[in-house]
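Undergrad: For reference, the structure I am asking about is given below.
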Amino acid sequence: MGAKAELGEGPSWDARRKLLYWVDITRFKLHVYNPLTKQDMTFNVGQYIGAVVPRRSGGVVMALQHGFYAFDFETWQMTLLGAVELDKPNNRFNDGKCDAAGRFWAGTMAHDYAPGAGSLYYLDTDCTIKKVIANVTISNGITWSPDNSVMYYIDSPTLKVMSYDFNLATAELSNPRVAAEVGQGEAFPDGMTSDEEGMLWVAVWNGYAVKRLDPGTGRLLETVNVPAKRTTSCVFGGDRLTELYITSARIGLEEDVLANEPNAGGVFVLKTGVRGMPTYAFGG
């Protein structure tokens, strides 16, 4: 899909409606793509939008600049569910995703990438918000193991995917360790997802790629080449969750680079040989 997004990110798959949701962060746009009709609808939400997830009760929930908002497609109404960091006007939400219990996890970062300015939070199903990890620079990819016993998380400048023992019932994290190291120099890990085999699919910003990694060994299993330097995130979709949708960006790229990348900012799809983990919906 040649959307030419400035900063395409935060994709999720609504299995019930068979729709792909994704965002263009800096253009304030929520995208709703129907693979069957090839129609991509957009909604301007009026502020930075870092991620979007389906909502069990209908519509979606979004991580906007400083808060979690519900969005109703019937009325086009946005409703604030909870806010964070109102005392930090230079911060905004970035990537996020729901766990299997329906909590929406999303983290923040500073517009100027100030080290340690962000944090990782989750919006619980009763709409209370809890801060989980502080001193984050660019909060990015998040996903879970198929049995929900491990959470994986990326703070991009660290060039690491971290693993945490995860308690699905309580959302408690423990035993942090490095699952894999990704990228070097200006290429760093961005968004990610996981598959039924427990492997990670990590988008590499400035890396023209999504990498499939074994979090148990850190070993690189496969590299998916993407015709966009700024590959940002990915999610499994389609009827069997075997299609990998990949978002990208064109923000900050020089004209000579863009001339050679007509599809920068587009959304790409790869038919894979594995089933992905489902996108969990927000349960509140």
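Undergrad: If we count every other residue with Cβ under 10 angstrom of Gly191's Cβ, Lys/Arg +1 and Asp/Glu -1, where does the sum land?
TA: Value of the local net charge: -2.
Undergrad: Less than 18 Å apart at the alpha-carbon level, and either on another chain or at least 8 residues along: which aspartates and glutamates does that give for Lys229?
TA: Candidates past the 8-residue exclusion: Glu6, Glu9, Asp24, Glu186, Asp190, Glu254, Glu255, Asp256, Glu261.
Undergrad: Given Leu81, Gly183, Leu173, which one lies farthest toward the positive end of the charge dipole of the chain, if we put +1 on the Cβ of every Lys and Arg and -1 on the Cβ of every Asp and Glu?
TA: Highest projection toward the positive end goes to Leu81.
Undergrad: With the chain treated as a Gaussian network of Cα nodes joined by springs under 10 Å, which of Lys130, Lys160, Lys229 yields the largest mean-square fluctuation?
TA: Lys130
Undergrad: Defining a contact as two alpha carbons under 8 Å apart and six or more residues distant in sequence, what relative contact order in percent does the range 1-102 show?
TA: 19 percent
Undergrad: When the Karplus curve 6.51 cos²θ - 1.76 cosθ + 1.60 is applied with θ = phi - 60°, which whole-Hz ³J(HN,Hα) does each residue of the range 251-263 get, with x for Gly and Pro?
TA: Karplus-based 3J(HN,Hα) across the range 251-263 equals 4, x, 7, 5, 4, 5, 5, 4, 4, 9, 10, x, 9 Hz.
Undergrad: Rounded to the nearest 0.05, what FRET efficiency do Glu196 and Arg17 have when you use their Cβ-Cβ distance and R0 = 30 Å?
TA: For R0 = 30 Å, the calculated efficiency reads 0.85.
Undergrad: Further question on the same structure: Which translational diffusion coefficient, to the nearest whole µm²/s, is obtained for the range 8-271 from the Stokes-Einstein equation, given a Kirkwood hydrodynamic radius over C-alpha pairs, 4 °C and 1.567 mPa s?
TA: Reported coefficient: 71 µm²/s.
Undergrad: Given H placed on each backbone N at 1.01 Å, which residues far from Gly141 in sequence or on other chains put an amide H within less than 5 Å of it?
TA: Distant-sequence amide H within range of Gly141: Ile154, Gly191, Met192.
Undergrad: Just the number: Rg to Rh for the range 76-119, Cα atoms, Kirkwood Rh, two decimals.
TA: Radius of gyration over Kirkwood radius for the range 76-119 works out to 1.03.
Undergrad: In nm, to one decimal, how far is the Gln184 label point from the Glu6 one, both placed 7 Å along Cα→Cβ?
TA: Computed distance between label sites Gln184 and Glu6 equals 3.4 nm.
Undergrad: Can you tell me the length gained on complete extension of the stretch Asp126 to Arg219, counting 0.36 nm per residue apart and subtracting the Cα distance?
TA: Contour length minus the Cα-Cα distance gives 29.6 nm.
Undergrad: Any aspartates and glutamates with Cα under 15 Å of the Lys18 Cα? List them, leaving off those in the same chain fewer than 8 positions away.
TA: Those aspartates and glutamates meeting the cut-off are Asp40, Asp239, Glu243.
Undergrad: Gln77 versus Lys271, label points 7 Å from Cα toward the beta carbon: distance in nm?
TA: 4.3 nm
Taken together, the values in this text are just the output of simple stated rules run on the coordinates, not laboratory data. For clarity, every value in this text was computed on a predicted model and none was experimentally measured. Positions of Cβ are backbone-derived with ideal geometry, glycine not excepted, and every protein chain shown enters the neighbour counts.
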